[in-house]
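What follows is a single structure, written as structure tokens, with notes after it.
Please treat every number below as a calculation from the coordinates, not as lab data. Predicted, not measured: the structure shown is a model, and the values here were computed from it. Note that each Cβ is placed from the backbone with ideal geometry, even for glycine, and that neighbours are counted across all protein chains shown.
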Amino acid sequence: MLLINCPFCKERNETEFVYGGPVGVDRPDPNAVADQEWVDFLTLVPNPTGPVFEKWWHARGCGEWFVICRDTVTHEILESPDEKS
Amino acid sequence: MSSRLSTGGKLIDRSLSKEFMFNGRRLKGFEGDTLASALLANDQVMVGRSFKYHRPRGIVASGSEEPNALMETGSGSKLEPNQRATTTKLFDGMRVKSQNHWPTLEFDLGAINSTFSKFFPAGFYYKTFIHPRFAWKYLFEPIIRKAAGLGNAPKEKDCDTYEYFYAHVDLLIIGGGIAGLAAASSAVKSGLKVLIVEQNDYWGGRAIVDEINIENGSGSDWIYQQVKSLSNEKNVNLRLNMMAAGVYDHGYVLLHETLTDGSNKKMELRQRLWRVRAKQTIVATGAIERPLAFAGNDLPGVMLASAVRDYLVNFGVSCGDRTVIVTNNDDAYRTAILMKNAGLEVPCIIDARPSVSESLSKQVQSLGIKILTGKAVSTVTGSKRVEGVAICSHAGSGEVLETVACDCVAMSGGWSPVVHLWSHCGGKLEWDKKNYMFKPDLTSAPLGANGEGMLTVAGTANGFLISRDVLSDGYTKSKEIIKALTGKVPKISMEKAHSGDESEILPVWFMPQGATRKLKSKTWLDFQNDVKVSDVELAAQEGFESVEHTKRYTTLGMATDQGKLSNINGLAVLSNSLNVSIPDVGTTTFRPPFQPISLGAIAGEARHELFKPIRKTSIHNWINANGGVWEPVADWRRPFCFQRNGESIKEAVEREIVNTRTNCGILDASTLGKILVKGPDAARFLDMIYTNVMSNLKVGKCRYGLMCSENGFLSDDGVVARLSDDSYLCHTTSGGSDRIHAHMEEWLQTEWWDWKVYTLNLTEQFSQIAIVGPKARQLIEKMGVDGLDLSPEGLPFMGFSEGFIAGISVRIFRISFSGELSYEIAVPALKAQEFWDLALISGEEFEVMPYGTEALHVMRAEKGFIMIGDETDGTVIPQDLGLDWAISKKKEDFIGKRAQMRSFMKSENRWKLVGLKTIDPSVVLPDGCYAVDGESNSYGHKNMIGRVTSSYFSPTLERSIALALVENGPDRMNEILNFPNLDGSVTKAAICDPVFFDKEGKNQNV
């Protein structure tokens, strides 16, 4: 049960959040990519070990999307977003 | 026999006697007894049958590691299966039954399995019942299930209640023995907020029984003083009867507290599940004694040496008149000495070690106890309980040297630290070469959110077996934790326990060393699952080299005790068979919970109506009181129809449809999602969210829109109304409001974070009431209209207005999901019931009737309107549904556009929406049935060419109608398709236009 730092609600239990995957590449220009590139963008989600910047959504809380840096091996949270109000 | 002695018993109160029933027999115990100690006091040595061979089984242990003594307690709404007798408190009037036998405990037919145990080796079920395939489901499984299984599930609803507690502490200490108490007292003095929990109902752990000395006093006195002084402190919470079930990431610990013993016949608060977030945790969970593996070690009367002295000291119960001790270490000698001093016979100590220290042997021999060094048990004799032991040389193959009569065998194979909690969250183990046990590798602790260790282990759990070291480790570990938490090195007066050294243990994983196969096949490793030394050896021989595979193949270490007694001996036997060292074989993974916890505790308050609360519209209670037949729609309940006196559901649905199409119907449409999208970039944003263009929608107008996922598949639909230049109200499906709101927010926050748009989910702020049918306009006008022009010109189709109806502020949309003249009226939720009532009063002369979701569905299907979730299933694109008109060709981009351009999305062979008319108009196709073309594929499966997505009897057309997705369907008009039914018959239906009724829209454009 990770303890995740929401910029508005501070430390909350993992069960309040929805994991949004690693921060990936920007959405490519749909008119400039081939079919395969587009499918790769949609389906090949990187899944690295070690420190990863990833998106989390405070779904059962304030609704904020934010980015943390988490070590996917040790679960250490290396960076949390700045507090907001 | 086992019996209650006339004196002794630290935990019992002999002045309070308790009567209980065991398998219909009336027995007596005392206040403070566990069920196990009370059974032993009544010479009830056999307490159950084993899982596979139905062998007689007795109590082995005195604590939570007990594998055999699982009981069914209580009855009716208080019935609980699989309760461990060793941890279940006795109460007056308790009703207990033993389990896993048929017909009786004493005489069990399944015991014949034991006779044929040669034919039931490891993997027997996998090997035997694989062919023929059908027989497993219909023959083997039902029989095996009847004979196997632990306990019976209760049939009645649990009448008790359960709850959750949440706590945040600086330091959680798990285990209330001397190490845990030492840590607690130092931490509390340092001002930390401490929670210390103990799974027993008394403090002190083993120190209560194994009299130790601390600072020139008895261990018991020291424990009493510690608890007393802690109780006076404000920053500590002391909890007994609380078991730590699991340790999770970032210092999250699940604890299970038992509040009552179940003696109350009425409803009571029974258990509590604690969810604790601790900055640091100290695990001081002690150790579990290991059984020795020798032939016949599963006979009732063979017990752990520590358990024998626990029953003696704590409960004044003798486990046998003549107890033979079998050991490979010094600790079991304590049992011999205590038994002898209690006036009981100890004919001999069988010690596998070649020699014993002089001081110990002198002490024991002076009591008249014979020590047989270098010896082992060849076999235990007796059928339903121990009658004697046949002694052999440990070095040999089991040749019997002499036989000693006894009624109890107390065995000790050394101790295993309870490392479960350390391991739950990634703590690694190391092999202690001196004591032959796995202990925590403190260099690889489970890590917290900051990347530092969040948990440490102290005392016996950390591999210290002598009280002097245990206590000192308790202080040392708390010192480290206090420093980590406060940044200061605390001054702690470390009190000292005094104990002599013990001689080294001899590793004995089965005895004798050269045991014959015959002996090994009677030598139990796992008592609960009937796994013997021979089974593990067979598994190794058959190639199961991984300990995880061996576990699953042999069932070693499975079920309720999870191998607390059996794992280490099993590992050792496996390592011996594979000829690799024990640490190289490794352990199976320790997973929560440490002990089974009840489903009631896990559910807590989330039961019955609170399990999944129902969303209710403002009209819910009226619907409930007026014949509404509920069906679940997302988290809501909606009426399927409104049944009137004596009507069948089918008749009610048809009445509602006919009345709506001829007169007027009223529908509670409040469950539809309503999302306000506002801001300078709102139009731009909705152009991305919807497949159609929303930026050119005029203020005051509505447009039907489609939303797709990035994969191009249709995800939701609904009407969008432009409220002003910069604000839109987006209607979603009933099930889609939260999902679509989340979808919008995800895009806004993660991709287009610089666009100036706000979204707001107003689903519950507005109720929506649809007034539908030829007389709808008259009805609303009768209600009294202010500031609204309802004429066809004043409020045309796909327009909306704001004003007042019957004095209530409304937003009225002229949109139609039925093909009739239709208004959907949004009113503030708190005014909805008033509006509904007034509409019914004004509507009386227009014969208005409420209608439900089934009428809504039939009417929309008659018009060929799709329903998300019926016509879509996550693989359907709008183009499949003939909705090309709602997909912008001008827009450069929208969510799903690029995916829809992929070649296979444009394939000719996609399944597309058509209507179906059965050849026999009275036959309604089953929902979801498939059309076949008569050919088969290479697997011999029939080729499927289409599927029914919606199917109803239409009272309007007086025939059955269906919508379907059919391969290239629109180009196959009038073709007749075959739909095989489950009974082998075939229903024939012709492809037709999906719009069955009023294609020109005469009815709605009035």
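With both bridge residues required to lie in the protein assembly as shown, what share of the DSSP beta bridges run antiparallel, to the nearest 5%? Percentage antiparallel, nearest 5: 75. Around the Cα centre of the protein assembly as shown, unit charges on the Cβ atoms of Lys, Arg, Asp and Glu (plus for the first two, minus for the last two) sum to a dipole of about 2440 debye. Exposure proxy shown here: for B:Trp509, B:Trp431, the number of other Cβ atoms within 10 Å sets the order, fewest to most, as B:Trp431, B:Trp509.
Shielding by partners for peptide B:896-903, expressed as the average number of C-beta atoms from other protein chains within 10 Å of each residue's C-beta, is 4. So what is the 222 nm mean residue ellipticity for chain B from helices alone, if each DSSP H run of at least 4 adds -39500 (n - 2.57) and you divide by all residues, rounding to the nearest 500 deg cm²/dmol? Result for chain B: -6000 deg cm²/dmol, rounded to the nearest 500. Computed from Cα atoms, the angle from the helix B:219-231 axis to the main principal axis of chain B rounds to 30 degrees. Looking at chain B, the DSSP beta bridges with both ends there are about 75 percent antiparallel.
Which peptide among B:626-634, B:199-207 comes first, and what is the full order, when sorted by highest mean count of other Cβ atoms within 10 Å? Write down the numbers at each step before the final one.
Details: B:626-634: 15.9, B:199-207: 21.6.
Highest mean packing first, the order is B:199-207, B:626-634.
State, as an integer percentage, the relative contact order of the range B:291-413 based on alpha-carbon contacts under 8 Å between residues 6 or more apart. Could the numbers behind the result be given before it?
On the way: 283 pairs, mean separation 42.0, N = 123.
Relative CO of the range B:291-413 lands at 34 percent.
Remark: B:Lys433, B:Lys782 ranked as B:Lys433, B:Lys782, counting other beta-carbon atoms within 10 Å and listing the fewest first.
Peptide packing: for B:489-500, B:951-962, the average count of neighbouring Cβ atoms within 10 Å per residue gives the ranking B:951-962, B:489-500, highest mean first.
Mean 1/r over all different Cα pairs, inverted: what Kirkwood radius does chain B give, in Å?
This gives a value of 34.1 Å.
Over all directions, the projected convex hull of the C-alpha atoms in the protein assembly as shown averages 50.9 nm² in area.
Convert 25 °C to kelvin, take the viscosity as 0.890 mPa s, use the Kirkwood radius over C-alpha pairs of the range B:549-638 as Rh, and evaluate the Stokes-Einstein diffusion coefficient in µm²/s, rounded to a whole number. In µm²/s, the coefficient rounds to 136. I want the local charge near B:Ser493. Using Cβ-Cβ distances under 15 Å, sum +1 for each Lys or Arg and -1 for each Asp or Glu among the other residues. Charge balance in the 15 Å sphere: +2.
The orientation-averaged projected area of the convex hull spanned by the Cα atoms of the range B:508-580 comes to 4.3 nm².
The mean sequence distance of close C-alpha pairs (under 8 Å, at least 6 residues apart), as a share of the length of chain A, puts its relative contact order at 34 percent. Averaging the sequence gap over all C-alpha pairs within less than 8 Å and six or more residues apart, then dividing by the number of residues, gives chain B a relative contact order of 9 percent. Beta-bridge orientation, the range B:336-439: approximately 75 percent antiparallel, per DSSP, counting only bridges with both partners inside.
Among B:Val227, B:Val380, A:Val67, what is the fewest-to-most ranking by other Cβ atoms within 10 Å?
Values: B:Val227 20, B:Val380 25, A:Val67 17.
The most exposed by this proxy come first: A:Val67, B:Val227, B:Val380.
Can you classify the range B:771-810 as rounded, prolate or oblate using the Cα gyration tensor, where a ≥ b ≥ c are the square roots of its eigenvalues, rounded means a/c under 1.5, and otherwise it's prolate if a/b beats b/c and oblate if not?
Working: a/c = 1.83, a/b = 1.14, b/c = 1.60.
Oblate shape, in that a/c is at least 1.5 and b/c is the bigger or equal ratio.
Averaging Cα coordinates gives a centre for the range B:865-881 and one for the range B:373-390; these two points are 73 Å apart. What does the C-alpha gyration tensor say about the overall shape of the range B:673-761? Classify as rounded when a/c is under 1.5, otherwise prolate if a/b is larger than b/c, or oblate. Cα axes put the range B:673-761 in the rounded bin. Compute the angle between helix B:332-341 and the longest alpha-carbon principal axis of chain B, please, reported from 0 to 90 degrees and rounded to the nearest 10. Tilt of helix B:332-341: around 60 degrees.
Applied to the range B:867-882, the Karplus parametrisation 6.51 cos²θ - 1.76 cosθ + 1.60 on θ = phi - 60° returns per-residue 3J(HN,Hα) values of 10, 4, x, 9, 7, 10, 9, x, 10, 10, 9, x, 4, 5, 9, x Hz, with x for Gly and Pro.
The alpha-carbon atoms of the range B:291-413, seen along their principal axes, cover 37, 37, 21 angstrom, with the largest extent given first.
Legend: residue pairs B:Lys10/B:Lys266; A:Lys10/B:Lys193; A:Lys10/B:Lys491; B:Lys674/B:Lys756; A:Lys55/B:Lys906; B:Lys698/B:Lys889, Cα-Cα distance threshold 26 Å; pairs beyond threshold, B:Lys10/B:Lys266; A:Lys10/B:Lys491; A:Lys55/B:Lys906.
The charge dipole of the range B:673-761, taken about its Cα centre with unit charges on the Cβ of Lys, Arg, Asp and Glu (plus for the first two, minus for the last two), comes to roughly 460 debye. Across the options B:Cys425, B:Leu610, B:Thr403, the greatest Cα extent toward the positive end of the charge dipole of the protein assembly as shown (unit charges at beta carbon of Lys, Arg, Asp, Glu) belongs to B:Thr403.
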